[in-house]
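The values are calculated or read from the model by the stated rules, or taken from the named source; none is laboratory data. Bear in mind that the values here come from a model prediction, so they are computed numbers and not experimental data. Glycine gets a Cβ as well: all are built from the backbone with ideal geometry, and neighbour counts include every protein chain shown.
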Amino acid sequence: MFRVHSVSKSVIALVVALSMLLSMTTVLAQDGEDFVISDAYAGTQVRVIAANHPWNNALQRLIPNFEAASGITIRLESYFEDQLSQRLQIGLTGGTAEADVFMFRPLQEGLLFEQNGWVADLSEFANNDAQWNLADWQPGPMGTVTSGDVLFGVPIVTERQALYYRKDLLEEAGIEVPQTLDDLAAAVEALHDPDNGLYGIVLRGQRSAAVTQFSSFLYSFGGQFIDAEGNSAIGSPEALEAYTYYSGLLRNFGPPGTINMSWPQAIAIFAQGQAAFYLDADILYPNVMNPDASLVVDKVGFAPFPEGPAGRRPYSVTSWAVGMNAESENKDAAWEFIRWATSPAIVATMQSEFGQSGARSSVWASPEGLGGFPEDLANAIVVNGETGVGFDRPRVIRVGEARDIVGLPIVVGIEGGDLAAALQEANTAFQAFLEEEAAEFGG
């Protein structure tokens with residue numbers, strides 16, 4: 001029944017123990033209760049468009065169980081990320097019912113999809129489905145797929161910013177794991193030893209790419225990108241403190257070439273043992289735990305994002321979600337698929353067997369949900385999720401342009417320029433951008 005149509009036939013090989021999952025029929029366990037898959041829509045075909053992503057690759061192994069239990073046939077197409085975005089926008093702009101369910105990136109395309117009415121509001125489905133349990137979802141990621149009272153998606157892959165550190169270096173120097181941003185700054189300075197090829201810290205410094213990681217610092221200093229009235233907030237004193245702190249760390253204690261670094265370059269520096277600290281998405285951890293690519297596999301520790309003046313406020317976001325086409329003619333069957341794909345048992349399996357971080361609180365509170373991660377990283381994920389912020393960039397439609405504007409002061413600060421002046425210029429430019437976008441899209 002299950003069919004895969006792929007622009008690229010290359011699917012990552014997954015070697016996992018799935019004997020328990022292959023025996024599932026109509027029932028999945030949820031805290032001792034039965035999660036029932038309905039067969040009321042047997043004979044229906046649901047078309048799913050997805051990204052060539054580990055979550056999709058893993059789900060393909062499980063879909064036959066859903067088809068057997070529901071009687072619904074899933075027709076799945078897989079695309080590379082950019083192809084997926086183009087494919088969706090072409091289809092959704094044309095108002096076709098060709099796809100019923102699709103993967104999308106809420107922080108890249110979600111607001112555009114929702115404002116254009118391309119994606120269905122799932123609120124009624126979610127609120128009326130006690131087994132699916134809307135209250136079980138972490139608020140940060142759910143905020144990423146919510147606009148007012150509209151629920152336009154469900155998180156499937158999430159990430160938060162974690163602190164990666166060298167356990168051996170801290171132990172040798174008698175330094176405790178940083179709990180605050182002041183602690184971090186002091187530890188970075190103490191361990192900085194460029195003459196011996198060791199830098200205190202490595203972070204993203206590339207203009208646009210740095211914005212996501214900088215956001216946690218901005219929130220923890222009490223700042224925001226956009227205030228409650230929809231105006232630019234990067235000209236605030238709190239924002240200046242955050243920009244000064246972030247760029248100062250890299251200017252004084254970072255490796256050469258920082259302004260050209262996104263996450264692949266930055267994490268490579270850490271993995272090669274050339275930095276004492278690194279802060280980035282927790283889902284990147286396999287890059288430093290792979291002995292074929294990392295020299296610090298046995299030396300890496302993980303901790304929650306350090307507390308700032310406004311507390312611990314790391315981003316906690318949805319990198320991928322599933323949504324429903326507003327023009328779908330099979331909405332009930334499509335919801336049956338979505339609720340199954342995001343049920344507690346599937347989320348737990350994705351985390352424990354495939355390392356795909358979900359957003360269900362009950363799963364994170366269970367041993368099964370933590371099984372796919374190092375213990376200290378699992379703890380950091382739980383702590384970061386408690387106070388996480390649902391956006392790691394300005395929540396706008398023209399995301400790329402906004403990131404360039406708010407990211408420029410980071411580069412100026414790293415290069416030792418007039419950060420205060422650059423930030424005021426960026427604040428003016430960002431305000432003009434917000435006004436222009438509001439006029440264009442009615443925000």
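Going through the stretch 230-275 one residue at a time, which ones are crowded, with 22+ Cβ neighbours inside 10 Å, within 23 Å of the chain's Cα centre (by Cα) and assigned to a loop (DSSP other than H, G, I, E, B)?
Ile234, Met261
Looking at this structure, is Asn252 closer than 23 Å to Trp320 by Cα and in the same structural domain as Asp168 (by TED's automatic domain parsing)?
no
Okay, residues lined up against (1) in contact with a Lys or Arg (Cβ under 7 Å, 6 or more places away or on another chain); (2) of a type outside the set (Gly, Ala, Ser):
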position: Ala58; (1), (2): no, no
position: Ile63; (1), (2): no, yes
position: Phe66; (1), (2): no, yes
position: Gln83; (1), (2): no, yes
position: Gly91; (1), (2): no, no
position: Asp100; (1), (2): yes, yes
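Please work out which residue is surrounded by the fewest Cβ atoms within 10 Å (Cβ to Cβ), limiting yourself to the stretch 132-142 and to residues that are modelled with pLDDT of 95 or more and in a loop (DSSP other than H, G, I, E, B).
Checking each candidate, the answer is Asn133.
In this structure, is Pro309 surrounded by fewer than 17 Cβ atoms within 10 Å (Cβ to Cβ), over 25 Å from Arg105 (Cα atoms) and free of Cβ contacts under 8 Å to residues at least 24 places away in the same chain? Walk me through it before giving the result.
On the way: surrounded by fewer than 17 Cβ atoms within 10 Å (Cβ to Cβ): yes; over 25 Å from Arg105 (Cα atoms): yes; free of Cβ contacts under 8 Å to residues at least 24 places away in the same chain: no.
Criteria not met by Pro309.
Sort out which residues of the stretch 143-165 are part of a strand (DSSP E or B) and not polar (S, T, N, Q), and write them in order of number. Break it down stepwise before answering.
We begin by selecting, within the stretch 143-165, every residue part of a strand (DSSP E or B); these are 146-147, 150-151, 154-165.
Val150, Leu151, Val154, Pro155, Ile156, Val157, Glu159, Arg160, Ala162, Leu163, Tyr164, Tyr165 - these are the residues of the stretch 143-165 that are part of a strand (DSSP E or B) and not polar (S, T, N, Q).
Return a yes/no flag: does the stretch 134-148 have any residue that is in the same structural domain as Val36 (by TED's automatic domain parsing) and over 19 Å from Ser316 (Cβ atoms).
Checking the stretch 134-148: at least one residue is in the same structural domain as Val36 (by TED's automatic domain parsing) and over 19 Å from Ser316 (Cβ atoms).
On the basis of being within 29 Å of Val406 (Cβ to Cβ), buried (at least 16 other Cβ atoms within 10 Å of the Cβ) and touching a Pro at 6+ places or on another chain (Cβ under 8 Å), does Ser216 make the cut?
So Ser216 fits the description; yes.
With the condition being in contact with a strand residue (DSSP E or B) (Cβ under 7 Å, 6 or more places away or on another chain) and in contact (Cβ under 8 Å) with a residue 60 or more places away in the chain, I'd like the helices (runs of 4 or more DSSP H) fully within the stretch 333-435 carrying at least 2 qualifying residues.
Helices (runs of 4 or more DSSP H) meeting the threshold: 344-354, 375-387.
Got a sec? Which of Ala209, Ala186, Ala190 is of a type in the set (A, V, I, L, M), under 28 Å from the mean Cα position of the chain (by Cα) and surrounded by fewer than 22 Cβ atoms within 10 Å (Cβ to Cβ)?
Selected residue: Ala209, the only one of Ala209, Ala186, Ala190 that is of a type in the set (A, V, I, L, M), under 28 Å from the mean Cα position of the chain (by Cα) and surrounded by fewer than 22 Cβ atoms within 10 Å (Cβ to Cβ).
What number of residues within the stretch 66-77 satisfy the criterion of being at pLDDT 95 or above and either part of a strand (DSSP E or B) or more than 18 Å from Val101 (Cα to Cα) (or both)?
Filtering the stretch 66-77 down to residues at pLDDT 95 or above leaves 66-76.
Of the ones still in play, those that are also either part of a strand (DSSP E or B) or more than 18 Å from Val101 (Cα to Cα) (or both) are 68-69, 73-76.
The number of residues fulfilling the criteria is 6.
For the stretch 393-422, what are the residues that are under 26 Å from the mean Cα position of the chain (by Cα) and not aliphatic (A, V, I, L, M)?
Selection gives Arg393, Pro394, Arg395, Arg398, Gly400, Glu401, Arg403, Asp404, Gly407, Pro409.
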